[in-house]
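Below is one structure, written out as structure tokens; the observations come after it.
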Ligand code: IMP
């Protein structure tokens, strides 16, 4: 069975991606499970650039097939911030209850039609090409919604409790993992990358 390393330290993302790749003939390992602790400088200006930086750094280190995601929340009223800075917004170690609370406070008098936001994700997949080199793929996905008026739900992670989907009347934190994967930015990007992974798994 082939091994695919998922270049993230975020255990929630690992859970989501492992669930979505279940049933494929591949062993997915997190960085921790692979015994890797790379120094990754995420200085790209887009989700795409950052996911490629992560994937290339880990591929250079181990030479195994690598999957890497970069994702974040873009809030219309903040001109797309926090965007690629989503995990660093207000400080990497600041609890998400505090980060979400600060966003809700800044938007407290903002009406529905100006509360638009999206979650965006780029997923890069690098695999050996069998000729001593490698092949790179990068696919993106997005989900559009609004910033809620108050946090709701206990599933998911990060900004999920305040990311509201008007058509479902729920935040992404109120969805099961399965429901979230079906419509999320990460689910969409991964479904776009999956055919490349399947091809790599089935080739000699
Ligand atoms: P990354 O690890 O640099 O890609 O950081 C992405 C950050 O964006 C996460 O730490 C979360 O703050 C936020 N984010 C990305 N995807 C999601 C999601 O599915 N739900 C909630 N927050 C997310």
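Taken together, the values in this text are just the output of simple stated rules run on the coordinates, not laboratory data. All values derive from a computational prediction rather than experimental measurement. Heads up, the Cβs are rebuilt from the backbone with ideal geometry, glycines too, and the neighbour counts pull from every protein chain shown.
Just a few scattered comments:
- Packing-based exposure ordering (other Cβ within 10 Å, fewest first) of 105, 139: 105, 139
- CD proxy at 222 nm, helix term only [per DSSP H run n ≥ 4: -39500 (n - 2.57); per residue of the chain; nearest 500]: -9500 deg cm²/dmol
- Between residue 142 and residue 155, the contour length at 0.36 nm per residue exceeds the Cα-Cα span by 2.8 nm.
- Ranked by how many other beta carbons lie within 10 Å on average, peptides 60-68, 19-27, 47-55, 96-104 from highest: 47-55, 60-68, 96-104, 19-27
- Within the stretch 134-204, all pairs of alpha-carbon atoms sorted by distance into 5 Å bins from zero give the percentages 4, 16, 23, 19, 12, 9, 8, 6, 3, 1, 0.
- For the chain, convex hull volume per residue from C-alpha positions, Å³: 113 Å³
- Helix 11-21 and the long axis of the chain differ in direction by around 60°, with both axes built from C-alpha atoms.
- Crossing angle, helix 185-202 versus the chain [Cα axis fit, 0-90 degrees, rounded to tens]: 10 degrees
- For 78, 6, the sequence from fewest to most other C-beta atoms within 10 Å is 78, 6.
- Our estimate of slack between residue 179 and residue 85, defined as 0.36 nm per intervening residue step minus the Cα-Cα distance, is 31.2 nm.
- In degrees, nearest ten, helix 96-106 long axis to first principal axis of the chain (Cα): 40 degrees
- Note on the chain: antiparallel DSSP beta bridges, both residues inside, total approximately 80 percent of the bridges counted.
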